[in-house]
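See below for the structure under consideration.
The values are calculated or read from the model by the stated rules, or taken from the named source; none is laboratory data. Everything quoted here is computed from the prediction, not taken from an experiment. Methodologically, a virtual Cβ is constructed for each residue, glycine included, from the backbone with ideal geometry; neighbour enumeration extends over all protein chains shown. Ligands, DNA and RNA are excluded from the accessible area calculation, which covers all protein heavy atoms including side chains. Shrake-Rupley method; radii C 1.70, N 1.55, O 1.52, S 1.80 Å.
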Amino acid sequence: EQYPFSTYNAANIWMFFVGNTSRDANPLFGLSPEGIGFLLSPSWIGKILFVIVSAYVLKCALFAKTLRRTFQLATWEAFAFFLLLPGMHERYLIYAVPFACVWLVLDMKKSWIWSLLITSICAMNISMVNGFKGADLWVPVSGLAILIFIAGIVHNFAPRAFPALIEKLNRIPFPRFTPYVVLALFLFPMLISEFVGRMRVNIELQPHQL
C-alpha cells in the first residue's frame with residue numbers, strides 16, 4: 001500500500017503548504033480529485049518537480065569536469081529528494097549531509113555556506129522530533145529550507161542572476177574556521193535542549209498532593 005501522507009515530520013515544501021500528515025492524494029486549493037484535479041495533488045506535483053530537477057542535474061552531471069562539481073550536484077539532488085517528494089520523514093535529509101561534507105572538503109570557498117545551511121536544516125529537522133520538540137517551528141523551518149533551495153539553485157546553476165551580491169560575498173576575507181563557528185552557533189542551542197531533556201527531574205509531592 002502506498003504511503004498516504006504528503007509529509008510525516010519532514011520540514012519540506014509540503015509541510016509548508018499543506019501541513020503535517022496531510023494525505024498526498026488530496027488536491028491543492030480544495031479542488032475535486034475528479035477529472036484532472038488529481039494532478040494538482042502533492043503526490044503528482046512533488047514527483048513532477050523532482051523529475052524536472054533530476055533531469056537537469058543529470059544533464060549537468062554528464063558534462064561535469066571535476067569531482068567537486070559532481071558532489072555539488074549530488075548535494076542538491078539529495079536536498080531536492082527531501083524537499084520536493086511526498087512521503088518524507090525528517091531523517092531523509094541525512095542523505096544530503098555526506099555529499100555536502102565531501103563538497104565542502106573539495107571546494108571550501110564556494111561550498112561552505114551551502115553545506116552549512118543544508119546541514120543546519122537537517123539538524124533542525126532531527127532536533128524537532130528528538131528532544132527539542134519544536135512542532136511549532138515546522139512551518140518556519142520549511143520556509144527556510146525552500147528559500148535555501150531556491151537561492152542555491154540560482155547561485156549554482158545561474159550565478160549571473162545576481163553577480164553583484166556574489167562578488168561582494170567573495171571579497172569578504174572569511175577565516176577558514178568560519179563554517180565551524182557558524183555551525184556551532186546553530187547546533188549549540190539544540191545540544192543544550194537535548195541535554196536538558198535528558199536530565200532527571202525530581203519532584204517532591206506535598207502531603208496534600210498525594
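Screening region 27-125 for helices (runs of 4 or more DSSP H) wholly inside it with 2 or more residues that are touching a Gly at 6+ places or on another chain (Cβ under 7 Å) returns the ranges 67-84.
Among the residues of region 31-40, not a single one is out of contact with any Lys or Arg (no Cβ under 8 Å at 6 or more places or on another chain), open to solvent by less than 20 Å² (accessible area, probe 1.4 Å) and not small (Gly, Ala, Ser). For residues in region 11-23 being assigned to a loop (DSSP other than H, G, I, E, B) and at pLDDT 85 or above, which is nearest to Phe79 (Cα to Cα)? My answer is Asn12.
Tell me, please, whether a residue that is surrounded by fewer than 20 Cβ atoms within 10 Å (Cβ to Cβ), at pLDDT below 90 and among the aliphatic types (A, V, I, L, M) can be found in region 70-91. Within region 70-91, not a single residue is surrounded by fewer than 20 Cβ atoms within 10 Å (Cβ to Cβ), at pLDDT below 90 and among the aliphatic types (A, V, I, L, M).
May I ask you to verify whether Ser120 is closer than 30 Å to Thr21 by Cα, in contact (Cβ under 8 Å) with a residue 40 or more places away in the chain and hydroxyl-bearing (Ser, Thr, Tyr)? Judged against the criteria, Ser120 is a match.
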